[in-house]
Each structure stands twice: as C-alpha cells, then as structure tokens.
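The structure appears below as structure tokens.
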Amino acid sequence: MTHAYSIQMEIAGDTAMWTRPDTGDSPVSYLAPTYSAVKAIFESVLWGPAVEIVPIKAEICAPVQFHAYHTNYGGPLRKSDNIKDGNSYQLSATVLVNVCYRLYAEVVPYHRKDRLPQKALDWDAATTSPGHAYQEIFNRRLLRGQCYSVPSLGWHEFTPSYFGEFRKDTRVIEDLPTAMIPSMLRQVFSKGYNSEVAYLYDTDVEIVKGVLIYRKGEWPC
C-alpha cells in the first residue's frame, strides 16, 4: 500500500479568480479554488514529476466578496485579425477580493514511471521514500518563503499577499451558507504528467461550513 504524506499551507491575497468554464466570455469565479488550482499552488512551492500532489480540502478563511474586474486582454485567444493588428479587447470578469484559504493535500509517488524524464527517475531511484522526501523539502521551503515559481490565486496576475505556514489568527468562516456547485472543473490535464488535455469535472460539489472537501478520484491512466 502506498503511503501518503500530508502537506498544508495558507495563502491569501487581494484578488482571486477560480474560473467557472460555463460562464463564457465574462467569466465568474467559483467560491473556492478548484482541485487543479490547489495542486498548482502546492507545486509552485516545490515541483517534482516523481510525486503526485493530491488535494484533500480547502478552507475559506475570509468572507466571500465578489467584485467586477476589467482588463485589456492581449493574449492568444483573440481573433486572428486582432492579433495581426496588435489590438486587444476589454475582458470583464467577476472575481473574488480579500481572500484567504487554508489548503491541504497529500503526497504519493507518481505511479506512471514510464512518463518520467531520466532526472526524475534517477532521483526516484536514489530516494527510499519520495513522498516523505518531498514533504520534508516542501516544509523547509514553505518556512523560508521559497518557491519554484510565484504562486497565483487562479490567474497569474493575482499574486498572493501571503503564503506560508498556518497563521495563528486565521479562522475558517464556519457561518458561510452551504453552497452547492452543480459542476466544478477538477483538472485540465487529468491523465497526469506529460499528458494531453483531458477535461474532468466533479458534480454536485458542496461547500459546508466554509470547507470544500475534494473527492477522491482514480489514478491518472
């Protein structure tokens, strides 16, 4: 049986966007981060293909506040004529402001070793317990404020005002009304490391007393 090692962190910021794909050209945020967003936040502190980060839950630790957000978009999803002429367009979105979350995950060895690069295989072979090694390195980096890449609260421009260990004054908003999300994006690359796009959704997701517990899924195949 594969042993799982627990990791956790707190993250806060002025603005967050956990995009609901069903909201189209004027996207709206979910109340809490998606499974893949939590996974990416942990991996921004320490990333390694020899292990798999499995998000467990997210706790909402600040009142939920939606806010209208507007920006000039100049990315690759513009029409070809706009790209050719160097024109941008105004993107409107409904984001969250003044957010804070406590995030929990587990670390297990990645089971599809045939997909791993040689450096990852070498590291895995030299490590008796990759999950435990990752946990120890992750906790050291989190304590020092180090990261593999800058964590973001959904969109890359929404950087955190704090990320690190749990702060003693942070509390879960337990009086938050129960929220039912009919369909919530789970992962875009659901088949694991070095795989093609494969969208996966969870249905009838509940946020109860400020806590979102992520469903346990199948291993990426």
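Values quoted throughout were computed directly from the atomic coordinates according to the rules given, and no laboratory measurement underlies them. This one's a predicted model, so the numbers in the text were calculated from it and none came from an experiment. Cβ atoms come from the backbone with ideal geometry, glycine included; neighbour counts cover every protein chain shown.
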Listed residues Ile53, Ile83, Ile181, most fluctuating in the chain (Gaussian network, C-alpha, under 10 Å): Ile83
In range of the label at Asn87: residues from segment 6-35 whose backbone nitrogen is under 20 Å from the point 7 Å along Cα→Cβ: 25-26
Förster-model FRET efficiency, 35 Å R0, Lys209 and Ser129, C-beta, rounded to 0.05: 0.50
Paramagnetic reach from Arg167 in segment 1-25 [backbone N under 14 Å; point 7 Å along Cα→Cβ]: 10-15
For Arg102, net neighbour charge (Lys/Arg +1, Asp/Glu -1) across residues whose Cβ lies under 11 Å away: 0
Cα gyration tensor, segment 64-112 - rounded (a/c under 1.5), prolate or oblate: oblate
Restricting segment 1-110 to trypsin sites (Lys or Arg not before Pro) in coil, as DSSP defines it, with at most 11 other Cβ within 10 Å: Lys79
Within segment 53-73: backbone nitrogen closer than 17 Å to the Ser26 label point (7 Å, Cα to C-beta): 66-73
With at most 15 neighbouring Cβ atoms within 10 Å, loop GluC sites (Glu not before Pro) (DSSP) excluded, longest segment of the chain: 1-156
Contact order normalised by residue count of the chain, Cα under 8 Å, 6+ apart, percent: 31 percent
Principal-axis tilt of helix 130-144 within the chain, Cα atoms, nearest 10 degrees: 50 degrees
Segment 131-177: trypsin sites (Lys or Arg not before Pro) in DSSP coil with no more than 10 other Cβ atoms inside 10 Å: Lys168
At most 13 other Cβ within 10 Å, DSSP loop - chymotrypsin sites (Phe, Trp or Tyr not before Pro), segment 1-83: none
